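So the structure is just underneath, and the comments pick up after that.
The values are calculated or read from the model by the stated rules, or taken from the named source; none is laboratory data. What you are looking at is a predicted structure, and each value in this text was computed from that prediction instead of being measured. Cβ placement follows ideal geometry from the backbone for every residue including glycine, while neighbour counts extend to all protein chains displayed.
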C-alpha cells in the first residue's frame, strides 16, 4: 500500500544573502583600491625624495664652478672682487634681504631671477625690492642644471677696509683665519696640534646654488668659503 507524504509549501526567497555578499564585495573592492593607491603614493614619495637628494648632492658641481672662478678673479688682484659682476652672478655685498627661494611676498625682500622671467615682474608689482641676476646655466653630465649667486659678506661694495661710498659707515667684512697646506700630508691625525698651517685672514663669501633636475626637482643650497 503506497503512503503519500505531505510536502511543505516552498518558502519565499528574499535574496538578502545575495545583497550582503554584494556589499561585502564592494567593501573589499574599495579596500583593495585604497591599498593600491597607498602603495603608489608611497612609491612616489620615495622617488621624489630620491630625486631631491640627488639634486642636493649634484649642487656641489656648481660650487666646483664658482670657486675656481673666484680663484681666477683673486689672481687678477684683491680689488677684482670689490665690485659686483652681475653677468657672472657675483655681488660684492652680503644681500641680507635676499629671498633665494622666492617664497616671501614682502616688498623689502629681493628675489633671484632663476628662470629668466624677471622674477615675474615682482619689482613693478611691489612684491620685491630687486630682481637679482644669477650666473649663466651650467648643465652637468648627470642631467641636472645649476645656477648660482655669489655674495661677498660685506656691508657694501668697495674696499673692505674703507667706508661705504658716500657715507661715513665702515664697510664691515667678517674675516677668518684661512687654512693653508698641511705640514704632514698623508698623515692627518685628529690629535695632532698642527694639522694645517695658517695662511692669513680671508673674507667670507656665500654661494647660493639652485639645482633643477628630472620631474621638476629643485633644491637650493648654500656654501660658505673664504678667500
Residue 93 is checked against (1) farther than 28 Å from residue 142 by Cβ; (2) free of Cβ contacts under 8 Å to residues at least 24 places away in the same chain; (3) part of a loop (DSSP other than H, G, I, E, B) and fails just one. What number does that condition carry? (2)
Within region 49-72, identify whether any single residue is touching a strand residue (DSSP E or B) at 6+ places or on another chain (Cβ under 8 Å), in contact (Cβ under 8 Å) with a residue 60 or more places away in the chain, over 19 Å from residue 214 (Cα atoms) and outside any helix (DSSP H, G or I), and answer yes or no. no
State whether the residues of region 78-87 include one that is buried (at least 18 other Cβ atoms within 10 Å of the Cβ), modelled with pLDDT of 90 or more, part of a helix (DSSP H, G or I) and touching a strand residue (DSSP E or B) at 6+ places or on another chain (Cβ under 7 Å). yes
Which one is surrounded by the fewest Cβ atoms within 10 Å (Cβ to Cβ), of the residues in region 123-153 that are assigned to a strand (DSSP E or B) and without any contact (Cβ under 8 Å) to a residue 40 or more places away in the chain? 139
Show the residue pairs that are 6+ apart or on different chains and have beta-carbon atoms under 7 Å apart, the first residue being within region 103-122 and at positive phi, the second being loosely packed, with under 13 Cβ neighbours inside 10 Å and modelled with pLDDT under 95. none
